[in-house]
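In what follows, a structure is listed as structure tokens, so that the remarks can point back to it.
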Amino acid sequence: MDALDRKILTELQMDGRLTVTELAARVQLSVSPCHRRVRDLEREGAIRGYRAVVDPAAVGLDFEALVFATLRWEDPDTVTAFEEAVTAIPHVIQAQRLFGESDYLLRVATADLPAYQQLYDQQLARLPGVQRLTSTLVMKNVIDDRPLPEK
């Protein structure tokens, strides 16, 4: 991957709806080579897909919490069961396995605090292998969905 590919990726991260013609003009490349590079980036997996970025408030999901989960390490199947169960909860919009004190970080979006409490009590606290959950409520997103930096 060269500097031109990185420029293409930066432009597409800022606006994934650019036409190839618009993209080519922004990266100062003719249309055919630009299109070829985009296809190569898609095929190689550097571009994993395209999607709309939706404002959570616009769809009634004004409340966000970060949940740190610590598991009981009984056996490797516990990890698999936990990850499968988390994947099945639509309000968990991001999940990351961690090194450190907590085993997972879950980003959860709900309508409000009562909806979060219900989700916590009925689903999160009942996830397989959970020893402890710690919630941190998000006051404000300062940086959200920023394009990746160039190294």
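Observations
- Cut-off 14 Å, label 7 Å out along Cα→Cβ of residue 132, residues of the stretch 80-122 by amide N: 100-104
- Under Stokes-Einstein, with the Kirkwood radius over Cα pairs as Rh, the value for the stretch 25-151 at 4 °C and 1.567 mPa s is 74 µm²/s.
- Taking the protein heavy atoms of the stretch 41-151 in the context of the full set of protein chains, the accessible area attributed to carbon and sulfur is 52 percent at 1.4 Å.
- FRET E, pair residue 22, residue 57, Förster distance 41 Å, beta-carbon r, rounded to 0.05: 0.90
- Cβ-Cβ FRET estimate between residue 43 and residue 75, R0 fixed at 35 Å, reported to 0.05: 0.35
- Expressed as a fraction of 2.2 N^0.38 Å, the C-alpha radius of gyration for the stretch 1-74 is 1.60.
- The chain - mean residue ellipticity at 222 nm from DSSP helices (-39,500 (n - 2.57) per run, n ≥ 4, rounded to 500): -11000 deg cm²/dmol
- Charge-dipole axis of the stretch 1-114 as Lys and Arg at +1 and Asp and Glu at -1 on Cβ define it, positive-most pick from 73, 85, 47: 47
- Here's the picture: a label point sits 7 Å out from the Cα of residue 122 along the beta-carbon direction, and within the stretch 92-108 the residues with their amide nitrogen under 15 Å of it are 92.
- The stretch 29-151, relative contact order [Cα under 8 Å, separation at least 6], %: 33 percent
- Using the 1.4 Å probe convention, the accessible area of the stretch 64-151 works out to 68 Å² per residue with neighbouring protein chains retained.
The values are calculated or read from the model by the stated rules, or taken from the named source; none is laboratory data. All values reported here derive from a predicted model rather than from experimental measurement. Glycine gets a Cβ as well: all are built from the backbone with ideal geometry, and neighbour counts include every protein chain shown. With ligands, DNA and RNA removed, areas are computed over all heavy atoms of the protein, side chains included. Shrake-Rupley method; radii C 1.70, N 1.55, O 1.52, S 1.80 Å.
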